[in-house]
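Here is the structure we will look at, set down as structure tokens.
The values are calculated or read from the model by the stated rules, or taken from the named source; none is laboratory data. Since the structure is predicted, the reported quantities are computational estimates derived from the model, not experimental observations. Cβ: placed from backbone, ideal geometry, glycine included. Neighbour counts: every protein chain shown. For the accessible areas, the whole protein counts, side chains as well, though only heavy atoms, and no ligand, DNA or RNA atoms are used. Shrake-Rupley method; radii C 1.70, N 1.55, O 1.52, S 1.80 Å.
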Amino acid sequence: MQVSSLNEVKIYSLSAGRSLPEWLSDRKKRALQKKDVDIRRRIELIQDFEMPTVSTKIKVSRDGQYIMAVGTYKPRVRCFDTYQLSQKFERCLDSEVVTFEILSDDYSKIVFLQCGRFVEFHSQHGHYYKTRIPKFGRDFSYHYPSCDLYFVGASSEVYRLNLEQGRFLNSLQTEASESNVCDINPIHFLFAMGTAEGKVECWDPRTRNRVGLLDCALSSVTADTEIEGLPSISALKFDGALNMAVGTSTGQVLLYDLRSSNPLIVKDHHYGLPIKSIQFQHQLDLIISADSRIIKMWNKDTGKIFTSMEPEHDINDVCLYPNSGMLMTANEAPKMNIYYIPVLGPAPKWCSFLDSLTEELEENPESTVYDDYKFVTQKDLENLGLAHLIGSSLLRAYMHGFFMDIRLYHKAKMMANPFAYEEYRREKIRQKIEETRAQRVQLKKLPKVNKELALKLIEEGEEQQLSKKRKQKNLPSLLKDDRFKVMFENPDFQVDEQSEEFRLLNPLVSKISEKRKRKLKILEELEAQGEEEEEEPEGKASDAESSESSDDEKGWVEEVRKQRKLLRQEEKLKRQERLKEDQQTLLKPQFFEIKEGEEFRSFKDSAKKQKLMKKTLEDRLKLEEKLGTLNVSDTTVGSKQATFKLKKSEQQRKQQEAEKRHRQERKTLRRSASHLKSRRGRGRLFH
């Protein structure tokens with residue numbers, strides 16, 4: 001069982017872990033459970049709760065006893081009995097199921113809409129009846145008061161099939177070109193259908209007239225959303241008598257009050273994927289919406305995210321078990337996922353042991369840190385000499401590195417650096433001594449790393465102390481800030497004064513510091529003389545100051561130019577040294593082996609081939625048409641037909657020429673033999 005937490009909401013994945021194959025005997029299963037800890041700890045809530053390849057739809061019967069799922073391959077339906085925690089039956093079908101509906105309280109009456117326009121009815125014993133609708137269907141709903149099935153699909157009509165009379169009734173003519181989904185309100189039985197144009201049409205089944213139209217495509221476009229193309233309706237669900245949730249193909253969920261044409265709230269999944277399913281959770285007023293990648297639970301009044309789940313495989317359908325905190329999903333994988341969220345509600349009565357199990361887990365939380373494993377990067381592996389283990393079972397890839405056994409890590413580290421412990425011990429002793437020294441009276445000492453920077457910061461601190469009298473803000477010093485402490489302790493943070501950036505920036509910094517020192521001297525002189533001139537406390541006229549600043553600017557510009565010239569000269573010297581080294585190095589001849597039956601061609605041919613491979617397919621086809629190796633022609637149907645002439649190698653040509661010569665020699669031998677026979681026959685006749 002896997003536990004995850006988001007927004008302090010714990011989600012228990014009951015289907016996590018490996019599943020055992022069906023063909024294994026009980027003896028082998030018991031042996032595997034003894035050996036493998038993961039198999040022993042896994043929870044198999046319902047036995048064989050999976051499909052052969054993919055599961056597409058999953059539903060729960062109204063009495064809560066049966067869970068039904070459809071999938072492939074081959075197309076089939078499986079029914080699971082929750083009271084027995086196992087599979088009750090399995091039925092194979094002729095074609096894939098688009099969707100299905102359980103009409104009765106149990107599994108005795110089921111309707112399947114299949115992809116081949118077939119509608120198949122099943123009873124308790126099995127297949128009962130099969131009929132066909134005029135157009136391909138995408139969804140259907142059952143109207144209980146009139147026993148009508150409403151089918152929507154690749155047509156502007158809504159087909160009605162009455163199950164009491166056993167015949168098709170007059171269809172509903174809509175304005176939509178195609179319809180994707182439909183639903184019937186369980187209280188007042190209003191029929192709603194979502195169209196490919198992004199609209200929702202509402203019909204009254206009693207009068208068979210349209211009573212409302214909602215333009216959801218226009219309402220889904222907000223200031224925060226980015227939509228490409230026209231959004232169509234991909235999901236539809238009623239909640240009570242007045243609320244309706246609509247999902248679009250661009251990943252938005254719109255919550256409507258039927259009395260208003262504007263949505264109450266628009267929720268974006270931010271993935272741009274069609275909404276697959278919408279469910280309502282009434283205990284906490286939540287909406288559970290899912291696309292193929294994520295399941296989101298959010299408050300229907302505020303739109304605030306409650307929690308979310310991202311399964312490993314793409315989602316096809318989501319089913320919320322009624323009056324509980326259990327959630328089931330049909331995925332693009334054989335195993336169907338089961339999640340239990342205690343915050344949503346209690347566990348169902350057929351698996352009530354989950355409540356006590358989760359309570360025990362919450363009382364004794366396990367640490368999620370890998371205590372027995374060490375995280376290492378690829379650089380660490382190279383330093384330890386274990387780079388050859390990448391791809392083996394001893395390393396498990398994770399993010400930008402690998403997890404490895406802590407025992408193996410310690411052994412490798414001891415072999416790579418046997419004196420590592422002694423160095424670690426010395427470093428710890430040094431740190432302890434420095435901590436004891438810190439308690440004594442400290443003298444002003446410069447740090448070992450970045451001494452000049454520290455001296456500059458100390459001078460700036462003294463300037464701030466002087467400027468307190470001028471009512472200026474006192475900024476904190478970097479030397480006293482713990483966040484920047486490592487900058488003056490770790491040698492990796494040493495400022496490189498020979499770098500290009502430092503050398504170009506240094507003239508400006510030095511000029512600013514000189515200007516600051518001059519100002520300080522002027523301030524000290526003014527204070528000593530006791531002059532009370534508030535307008536210009538620096539003691540200089542503005543003209544003199546501006547001229548001085550212009551002179552300073554000229555000076556540091558000249559220094560920057562000098563530094564640039566020096567950098568260029570250094571680059572030239574480096575280039576000359578590289579050229580000398582290249583000239584001194586002798587190129588050794590390289591030998592290449594040619595396979596048997598192949599002739600040597602110049603390296604220009606390989607370069608031509610590489611250039612040809614870089615060209616687009618269209619350019620290559622045009623070139624081959626010019627050479628005559630390709631012929632493209634139009635057929636009578638309107639499509640294109642291309643014929644190729646394969647290039648023959650020298651070995652194939654020689655072989656064909658030898659075969660041709662051999663055939664000619666055999667022909668001449670046969671002719672000469674037949675000629676000799678005819679001559680002998682004539683000679684006998686004459687004798």
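Structural remarks
- Any hit, the stretch 199-209, residues being open to solvent by 10 Å² or more (accessible area, probe 1.4 Å), outside any helix (DSSP H, G or I), aliphatic (A, V, I, L, M) and at pLDDT 90 or above: no
- Among (1) open to solvent by less than 30 Å² (accessible area, probe 1.4 Å); (2) touching a Leu at 6+ places or on another chain (Cβ under 9 Å); (3) of a type outside the set (F, W, Y) - the single one I390 does not satisfy: (1)
- The stretch 218-253, residues that are aliphatic (A, V, I, L, M) and either surrounded by 23 or more Cβ atoms within 10 Å (Cβ to Cβ) or touching a residue at least 40 places away in the same chain (Cβ under 8 Å) (or both): I233, A235, L236, A241, M244, A245, V246, V253
- Reported count of residues in the stretch 346-363, each being more than 19 Å from T82 (Cα to Cα), open to solvent by 70 Å² or more (accessible area, probe 1.4 Å) and either under 32 Å from the mean Cα position of the chain (by Cα) or not acidic (D, E) (or both), is 1.
- Residue satisfying condition, being outside any helix (DSSP H, G or I), open to solvent by 40 Å² or more (accessible area, probe 1.4 Å) and at pLDDT 85 or above, within set V369, V343: V343
- Residue in the stretch 310-326 that is open to solvent by 60 Å² or more (accessible area, probe 1.4 Å), under 22 Å from I233 (Cα atoms) and in contact (Cβ under 8 Å) with a residue 12 or more places away in the chain present: yes
- Within the stretch 254-302, the set of residues being open to solvent by 40 Å² or more (accessible area, probe 1.4 Å) and in contact with a helix residue (DSSP H, G or I) (Cβ under 9 Å, 6 or more places away or on another chain) comprises S261, N262, V266.
- Search result, residues across the stretch 451-501 that are more than 30 Å from R564 (Cα to Cα), part of a loop (DSSP other than H, G, I, E, B) and modelled with pLDDT of 75 or more: D481, E489, N490
- The stretch 121-154, subset hydrophobic (A, V, I, L, M, F, W, C) and under 43 Å from the mean Cα position of the chain (by Cα), residue surrounded by the fewest Cβ atoms within 10 Å (Cβ to Cβ): A154
- Residue match in the stretch 238-261 (condition: in the same structural domain as Y12 (by the TED database), under 25 Å from G71 (Cβ atoms) and part of a strand (DSSP E or B)): yes
- Within the stretch 32-66, being surrounded by 14 or more Cβ atoms within 10 Å (Cβ to Cβ), basic (K, R) and at pLDDT below 70 holds for one residue alone: R42.
- Residue in the stretch 255-265 that is within 21 Å of I305 (Cβ to Cβ) and in contact with a Gly (Cβ under 8 Å, 6 or more places away or on another chain) present: yes
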